[in-house]
Amino acid sequence: PLWGYYADKGNGVCLVFDKLKLLSCLNSQFADFKHSREIGYKDKFSRALFPNGKSLSVVSHYIKNNIESIFFTKSSEWQCEQEFRLLTYSKKEEYLNFGESLLSVILCLPKIERWKESEEYKMLKRIVGEIPILHYTTSFGENILNDEDDKKLYPIPGIDWDVDTDRDY
């Protein structure tokens, strides 16, 4: 469902990172006020984040004391995301150099059959170089993930993920 919520009519790009390498990049580049953890999901979730009409110093103090509820909590309706967030603070614009933590890019172009001929694929290939670009599609309720040689990576033939959830793959 994430493609439907966040992407443009199912069109989009998903970046796949090695979590430990990405956290290492975060730790080496940002000295203070950094946090990283899985999101907690609650049935009763308030969207009220900041005290109204307060000074910047009061708001900053409030944020530091309420990081968990502001940045790492979401409504339980989003629990299927299994989201993990990185958070840091800076007084100037900065970018995370994620180095070699990017493992692959997933491209979803549901209306384009020959996806490797698309401008989106060609542009991504120039940007990411040797990093694999995978192709995600959904058809008649089946989610499919193929590599650049159109080899099916998901679903794995012979495995029912709804039944075999306790198995290690």
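Data overview
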quantity: Residue selected from the range 38-72 under the condition within 26 Å of Leu20 (Cβ to Cβ) and β-branched (Val, Ile, Thr), by the criterion modelled with the highest pLDDT; calculated: Ile39
quantity: Pair list, Cβ < 7 Å and 6+ apart or interchain, from the range 61-77 residues that are free of Cβ contacts under 8 Å to residues at least 60 places away in the same chain to residues that are open to solvent by 90 Å² or more (accessible area, probe 1.4 Å); calculated: Tyr62/Phe50; Thr73/Lys42; Ser75/Lys42; Ser76/Lys42; Ser76/Asp43
quantity: Single condition Met123 does not satisfy, out of (1) surrounded by 15 or more Cβ atoms within 10 Å (Cβ to Cβ); (2) modelled with pLDDT of 90 or more; calculated: (1)
quantity: Residue pairs meeting the criteria (Cβ under 6 Å; at least 6 apart or on separate chains; first over 23 Å from Phe140 (Cβ atoms), in the range 108-130; second surrounded by 14 or more Cβ atoms within 10 Å (Cβ to Cβ)); calculated: Tyr121/Trp115; Leu124/Val105; Leu124/Ile133; Val128/Val105
quantity: Criterion violated by Leu109 - all others in (1) open to solvent by 60 Å² or more (accessible area, probe 1.4 Å); (2) of a type in the set (A, V, I, L, M, F, W, C); (3) in contact with a helix residue (DSSP H, G or I) (Cβ under 6 Å, 6 or more places away or on another chain) satisfied; calculated: (1)
quantity: Per-region count, the range 73-86, residues over 12 Å from the mean Cα position of the chain (by Cα) and closer than 19 Å to Leu20 by Cα; calculated: 0
quantity: Pairs, first over 18 Å from Ser118 (Cα atoms) in the range 8-21, second not in a helix (DSSP H, G or I) and not aliphatic (A, V, I, L, M), C-beta under 6 Å, six or more apart; calculated: Val16/Ser104
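The values are calculated or read from the model by the stated rules, or taken from the named source; none is laboratory data. None of the values given here were measured: they were computed from a predicted structure. No Cβ is skipped: glycine too gets one built from the backbone with ideal geometry, and neighbour counts run over all protein chains shown. The protein model used for the area step is the full one, side chains on, heavy atoms only, and it has no ligands, DNA or RNA in it. Shrake-Rupley method; radii C 1.70, N 1.55, O 1.52, S 1.80 Å.
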